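Enquirer: Just passing along the structure, written as structure tokens.
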Amino acid sequence: MNVAVAIHDIQRDALPSASEAGPAPKRIVVAYGFWIFLLSDIVMFSAPFAAYAVLVRATAGGPTGAQLFNQVSVAIETTCLLASSYTCGLMSLAVGSRRRAATYFFAVVTFVLGAAFLALEMREFADMIARGATPQRSAFLSSFFALVGCHGMHVAGGLIWLAVMMAQVALKGFRANVERRLFCFALFWHALDIIWVALFTVVYLMGALP
């Protein structure tokens, strides 16, 4: 019995307590915090989604989604954004293997695809406004511009973030803090794709129904 107690005491002394181990590594803290940010951002999107679902039929005698939406243009937008998510994943793989040229290449492709998506979305807005379908026209259009525009603003912010990160790679190389920021950007960009798939389904596919 005494031997067993002695062995237990040795094992207890050999294992540091939680307080002795110190704080968690920064990469874990950053990843955890950024996941919380992403989840809160997705929860934030639930408000304009809910508003759109309630107001989609409140056209006040104005045009409906079926009359306004150009499914071909929206399909091209969707293809650009989904393809940018794929190239963003390839960029992350290049970062993990420290291939700077490949990182730049896939970052540029991701940026171009994201910019093309944003340009098509802005053209869609401009065409709708030119036809008199402004946010003030009806509750439906107000909720549409709020929801789709909010996603577009996130994409624009992501493009600025990506450009800044490429400048950091050029100046600092693949330092640990730069890698963490690129990892966070990739999570953010993939989350935007997930939100767009939901938006595309709820707004454009269901909105095309009579």
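The values are calculated or read from the model by the stated rules, or taken from the named source; none is laboratory data. Note that the structure is a prediction, hence the values are computed from the model and not measured. Note that we place each Cβ from the backbone using ideal geometry, even for glycine, and neighbour counts take in every protein chain shown. The accessibility values were calculated without ligands, DNA or RNA, using every heavy atom of the protein model including side chains. Shrake-Rupley method; radii C 1.70, N 1.55, O 1.52, S 1.80 Å.
Enquirer: Label points 7 Å out from Cα along the Cβ direction at Gln67 and Asn177: separation in nm?
Expert: Calculated label separation equals 5.5 nm.
Enquirer: Any chance you could give the angle, 0 to 90 degrees and rounded to 10, that helix 2-14 forms with the longest Cα principal axis of the chain?
Expert: The angle comes out at about 50 degrees.
Enquirer: Something else: In what sequence, largest accessible area first, do Cys80, Cys88 appear using a 1.4 Å probe?
Expert: Largest accessible area first, the residues go Cys80, Cys88.
Enquirer: Now for a separate question. Per-residue HN-Hα couplings for region 149-166, Karplus 6.51 cos²θ - 1.76 cosθ + 1.60 at θ = phi - 60°, whole Hz, x for Gly and Pro?
Expert: For region 149-166, the Karplus curve yields x, 5, 5, x, 5, 5, 5, 4, x, x, 5, 5, 4, 4, 4, 5, 5, 5 Hz.
Enquirer: Could you work out the local net charge near Leu120, counting Lys and Arg as +1, Asp and Glu as -1, over the other residues with Cβ closer than 12 Å to its Cβ?
Expert: Summing Lys/Arg as +1 and Asp/Glu as -1 gives -3.
Enquirer: How much accessible area per residue does the chain have, counting only protein heavy atoms and a probe of 1.4 Å, in square angstrom?
Expert: Value returned for the chain: 55 Å² of accessible area per residue.
Enquirer: Quick one: with all protein chains in place, what share of the accessible area of region 55-102 is carbon or sulfur, to the nearest percent (1.4 Å probe)?
Expert: Carbon and sulfur together cover 65 percent of it.
Enquirer: Just how much of Arg180 is accessible, in Å², when a 1.4 Å probe is used and the result is rounded to the nearest 10?
Expert: Rounded to the nearest 10, that gives 50 Å².
Enquirer: Moving on to the next point. Might you work out the accessible area of Ile160 for me, using a 1.4 Å probe with all protein chains in place, and round it to the nearest 10 Å²?
Expert: 110 Å²
Enquirer: According to a simple spin-label model (label point 7 Å from Cα along Cα-to-Cβ), what is the distance in nm between Ser40 and Leu82?
Expert: 3.2 nm
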